[in-house]
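Following: one structure in C-alpha cells, then a few remarks.
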Amino acid sequence: MAPDSELHYKEWIIPKNTPVAMSVYNMHYDSGVFPDPFAYKPERWLGDIDPRMNRYFVPWSKGSRDCPGKK
Ligand code: HEM
C-alpha cells in the first residue's frame with residue numbers, strides 16, 4: 001500500500017506515498033509466534049493458542065486487495 005498521508009507507527013514516521021508491504025514468509029516463520037516454525041505441527045492450532053498466531057497467519061494476504069475467495 002502507498003498511504004496518501006504521513007503514517008505514524010510506534011517510533012517511526014513513514015512519509016506519504018511510500019510503498020509499504022508485508023512479508024508473509026517472515027510472518028509465517030516467525031519463531032517468536034510459531035515455535036519450531038519449520039516443523040509440521042497442525043496441533044499447534046489446538047487448545048489455548050497465542051492470539052498472535054491468528055494475526056500472523058495471512059495466507060490470503062491482508063488489506064484492500066486480500067483474497068475475496070478466503071471465506
Ligand atoms: C486456499 C485458497 C486460496 C489462497 C491461499 C488464496 C490466496 C490469495 C492471495 C495471497 C491473494 C493476494 C494476491 C496478491 O496480493 O497479489 C489472492 C487474491 C485473489 N484471490 Fe485468492 N486465494 C485462494 C482461493 C481463491 C478462490 C477460491 C478465489 C475465487 C473463487 C480467489 C480469488 C482471488 C481474487 C479475485 C484475488 C484478487 C483480489 C484483488 O486483487 O483485489 N482466491 N488470493
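R0 = 25 Å: FRET efficiency of ILE13 with SER61, Cβ-based, nearest 0.05?
On the way: r = 25 Å, r/R0 = 1.01.
FRET efficiency, ILE13 to SER61: 0.50.
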Query raised in the report: In terms of modelled amide H atoms, which long-range or inter-chain residues lie less than 5 Å from the amide H of LEU7?
Result: ILE14, LYS16
Query raised in the report: Too long at a 27 Å Cα-Cα cut-off: which of LYS16/LYS71; LYS41/LYS70; LYS41/LYS71?
Result: LYS16/LYS71
Query raised in the report: Say each of LYS71 and ASN54 gets a label point 7 Å from the Cα, pointing the same way as Cα to Cβ; how far apart are those two points in nm?
Result: 1.6
Query raised in the report: What ³J(HN,Hα) values, in whole Hz, does the Karplus curve 6.51 cos²θ - 1.76 cosθ + 1.60 give for the stretch 57-66 when θ = phi - 60°, with x put for Gly and Pro?
Result: 9, 10, x, 9, 6, 9, x, 5, 10, 6
**Report entry** All-pairs Cα distance distribution in the chain, expressed in whole percent, bin size 5 Å
**Finding:** 3, 13, 18, 18, 19, 15, 8, 5, 1
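Laboratory data are not the source of any read-out in this text; all were calculated from the coordinates shown. Model, not experiment: these values are computed from the prediction. With ideal geometry, Cβ positions are generated from the backbone for all residues, glycine too; neighbour counts draw on all protein chains shown.
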